[in-house]
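Enquirer: This is the structure I want to talk about, given as structure tokens.
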Amino acid sequence: MEVIILAGGLGTRLRSVVQDIPKCMAPVGGRPFLAYMLDWLKMYSVDHVVFSVGYLKERIIEYVKGREWSFTYDFAMEETPLGTGGGIRLALGYCREETVYVVNGDSFFPVDLEAMPGMGALTLALQHMEKFERYGAVTFSGTRISAFQEKTYREEGFINGGIYALDRSRLDLSALPEKFSFEKEVLEPLAAGGQLCGWNGDSYFIDIGIPEDYARAQWEIPAWFSVRKASEAVLKADADTLFLDRDGVINRLRPGDYVKSWEEFEYLPGILQAIRAWSARFRHLILVTNQRGVGKGLMSDADLSRIHAHLMKDILDAGGRLDLILTCTSVDDADPRRKPHPGMFEEACALFPDIQAGRSVMLGDTDSDAAFASACGMPFIRLG
């Protein structure tokens, strides 16, 4: 598997927060953004990476050469900006395979590359979004993309996720000028001729090109990797029933506070896809969560019920399920239903008599969750 990373952008919109550094090297959670891109590629059988570099390319070259990788690599170096198309064509000169994957170096869209089909000369990975105006939408039917729409506010739609599967034997860029836009000179004409294919990547997506999204990336991208690692461990568990915590596992924690309304609820990136996979794997999925905010009077039982109604709908819409949600709102640490006490586990067993501790596993993020699992006699997997 061969991949081109387009890492030659100027990062103009990000310079108010990140200066004198290529955009792909912007620090995210204490590491360069590029490090996460390469961690994602290492999940697949990628054996050759071509870095298409330009602006402040020395920083990228120094970083890559200073580390050991599971793949070989080359640098396609632009002496002057060549545009997205010129950068891709230059990088293709370093490629050996017939099918080459091209990814943007300023967005994180960790699709399953091994599941991405090569359909025709060029296939785009698409991402479904809701309530957006920063991106133009893609018009397509089945697998055929017919048009790219202008940027305007939309309630929902699909966007170009910036990942392409390119068939070199069927897409010839040699007749185009040295500098050109891949979007204008390749994608749009192919779409108009019915020769451009689209595939729903169904993954997390973030573009770090503006300060607001760059700030979100500081926690979201590391969280995506935490969810991915925990999900893989959960899927390998020798169990029939999965118990899971809520705050810090399904949604982002609010340090020193509680999630008191649906508007304050933020999913961890990738968690809905993980729950869908767990739903196919386990006989029972049971949420067990302490919600002391209700007992303290900071929110009502109705507020909590509304949050969980939205949660259940989103999980179902994503193709997953929760069989049971158990909550303890007591402020008394001695309450037998409050984790780490096993009361909620015992309640679940009463409702589902086939549950066995030895055939169950707990996913959580705190020592209290770990102690709950121990009290119930089941193994524990920590997220984070």
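Enquirer: Would you mention how many residues in segment 274-326 are in contact with a Phe, Trp or Tyr (Cβ under 8 Å, 6 or more places away or on another chain), outside any helix (DSSP H, G or I), open to solvent by 30 Å² or more (accessible area, probe 1.4 Å) and more than 23 Å from P342 (Cα to Cα)?
Expert: The number of residues fulfilling the criteria is 1.
Enquirer: State which residue pairs qualify: first residue surrounded by fewer than 17 Cβ atoms within 10 Å (Cβ to Cβ) and inside segment 43-57, second residue at pLDDT 95 or above and part of a strand (DSSP E or B) in any location, beta carbons under 8 Å apart, and separation of 6 or more residues or different chains.
Expert: Listed by first residue and then by second, the contacts come to D47/E2; D47/T72.
Enquirer: Okay, moving on. What's the number of the only condition in (1) surrounded by 20 or more Cβ atoms within 10 Å (Cβ to Cβ); (2) closer than 22 Å to Q218 by Cβ that I88 fails to meet?
Expert: It is condition (2) that I88 fails.
Enquirer: Here is a follow-up. When you scan segment 65-82, do you find a residue that is surrounded by 18 or more Cβ atoms within 10 Å (Cβ to Cβ), in a loop (DSSP other than H, G, I, E, B) and either acidic (D, E) or within 19 Å of the chain's Cα centre (by Cα) (or both), even just one?
Expert: Yes, some residue in segment 65-82 is surrounded by 18 or more Cβ atoms within 10 Å (Cβ to Cβ), in a loop (DSSP other than H, G, I, E, B) and either acidic (D, E) or within 19 Å of the chain's Cα centre (by Cα) (or both).
Enquirer: Taking into account only those residues within segment 342-384 that are in a loop (DSSP other than H, G, I, E, B) and touching an Asp or Glu at 6+ places or on another chain (Cβ under 7 Å), which is most open to solvent (accessible area, probe 1.4 Å)?
Expert: Among those residues, the one meeting the criterion is G384.
Enquirer: Another question about this same structure. When only residues in segment 8-41 that are assigned to a strand (DSSP E or B) and either open to solvent by 10 Å² or more (accessible area, probe 1.4 Å) or among the basic types (K, R) (or both) count, which is nearest to Y101 (Cα to Cα)?
Expert: So, considering only residues that are assigned to a strand (DSSP E or B) and either open to solvent by 10 Å² or more (accessible area, probe 1.4 Å) or among the basic types (K, R) (or both), the one nearest to Y101 (Cα to Cα) is P32.
Enquirer: Contact list please: Cβ distance under 8 Å, first residue in segment 339-354 and more than 14 Å from T241 (Cβ to Cβ), second residue of a type in the set (S, T, N, Q), pairs at least six apart or on different chains.
Expert: The qualifying pairs are K339/N290; K339/S368; P340/S368; P340/S374.
Enquirer: Check off (1) part of a helix (DSSP H, G or I); (2) surrounded by fewer than 18 Cβ atoms within 10 Å (Cβ to Cβ) for D335 and give me the number that stays unchecked.
Expert: Condition (1) is where D335 drops out.
Enquirer: Do we find a residue being among the β-branched types (V, I, T) and more than 23 Å from D172 (Cα to Cα) anywhere in segment 37-58?
Expert: Yes, some residue in segment 37-58 is among the β-branched types (V, I, T) and more than 23 Å from D172 (Cα to Cα).
Enquirer: Another question, then. If I ask for residues that are under 30 Å from D354 (Cα atoms) and of a type in the set (A, V, I, L, M), which ones from segment 281-310 would you list?
Expert: Once the filter is applied, which keeps residues that are under 30 Å from D354 (Cα atoms) and of a type in the set (A, V, I, L, M), segment 281-310 yields L285, I286, L287, V288, L304, I307, A309.
Enquirer: Give segment 185-224 a look and list any residue that's under 13 Å from the mean Cα position of the chain (by Cα), open to solvent by 40 Å² or more (accessible area, probe 1.4 Å) and among the aromatic types (F, W, Y), or say none.
Expert: W219
The values are calculated or read from the model by the stated rules, or taken from the named source; none is laboratory data. It should be emphasised that the depicted structure is a prediction, and the values quoted were computed from it without experimental measurement. So basically every Cβ, Gly included, is an ideal-geometry build from the backbone, and we count neighbours across all protein chains shown. In case anyone asks, the SASA skips ligands and DNA or RNA and just uses the protein heavy atoms, side chains included. Shrake-Rupley method; radii C 1.70, N 1.55, O 1.52, S 1.80 Å.
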